[in-house]
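See structure below.
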Amino acid sequence: MQAARNIRRDQIEVRNEWETPQWLFDWLDAEFKFDLDPCATPHNTKCKQFFTKKDNGLLQDWRGYQSLFINPPYGRGLIEPWVNKAIIEHNRGGPTCVMLLPSRTGQEWFGRCLKRAHRIMFMQGRVSFIPPPGVAASSNREDSIIVVFKDTRLPSKYYSVSTAYLKGEEF
């Protein structure tokens, strides 16, 4: 029974390390000019500067950076600490935080995003994340949102954007 639990834990760890598609990162980076990925692996990072699980980006000070790309692990209980950290860092004068998250509108962390985010973009079409080396690809079962914590003096904006449009497949 313990071996089965260890296999499941390993599968969950691997699921939390899938890579953001380059087209989506490039679209966001064109606007935000990211200089840090605080929750990455050397395999899946999109920024020159990044923190790994060992570095624990949740314990790091983000104030020396301008703009963060945050695609946190999606496992149970793992998203909320990253949302809380982004809000805390931003509220104390930290960088712009752009988060790629699952669209889980019933979660408490989503309510905090609604209250504090500068912008929330609902993705039309599911994002196909890239699996780590040696892991079979599978389809994403959840819709995604992009949450931006930026200048809080600006009014909040909520809108949707098509993944097909961003990939140049729709005009």
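The values are calculated or read from the model by the stated rules, or taken from the named source; none is laboratory data. For clarity, every value in this text was computed on a predicted model and none was experimentally measured. Areas reflect the complete protein model, heavy atoms only, side chains present, ligands, DNA and RNA absent. Shrake-Rupley method; radii C 1.70, N 1.55, O 1.52, S 1.80 Å.
Beyond 23 Å in Cα-Cα separation lie the following of the pairs LYS85/LYS167; LYS33/LYS54; LYS54/LYS115; LYS115/LYS167; LYS46/LYS157; LYS46/LYS85: LYS85/LYS167; LYS33/LYS54; LYS54/LYS115; LYS115/LYS167; LYS46/LYS157. The accessible-area ordering, largest first, of the residues LEU78, LEU36 stands as LEU78, LEU36, per a 1.4 angstrom probe. Ranking ARG92, ARG112, ARG141 by solvent-accessible area of protein heavy atoms (1.4 Å probe, all protein chains present), from largest to smallest, gives ARG141, ARG92, ARG112.
Residue by residue, region 51-61 carries 3J(HN,Hα) couplings of 10, 9, 4, 5, 5, 6, x, 5, 9, 8, 8 Hz when phi is fed to the Karplus relation 6.51 cos²θ - 1.76 cosθ + 1.60 (θ = phi - 60°); x denotes Gly or Pro.
Keeping the other protein chains in place, figure out the carbon and sulfur percent of the accessible area of region 29-80, with a 1.4 Å probe.
Carbon with sulfur: 50 percent of the solvent-accessible area.
Rounded is the label for region 12-171, because the ratio a/c of its alpha-carbon gyration tensor axes (a ≥ b ≥ c) stays below 1.5.
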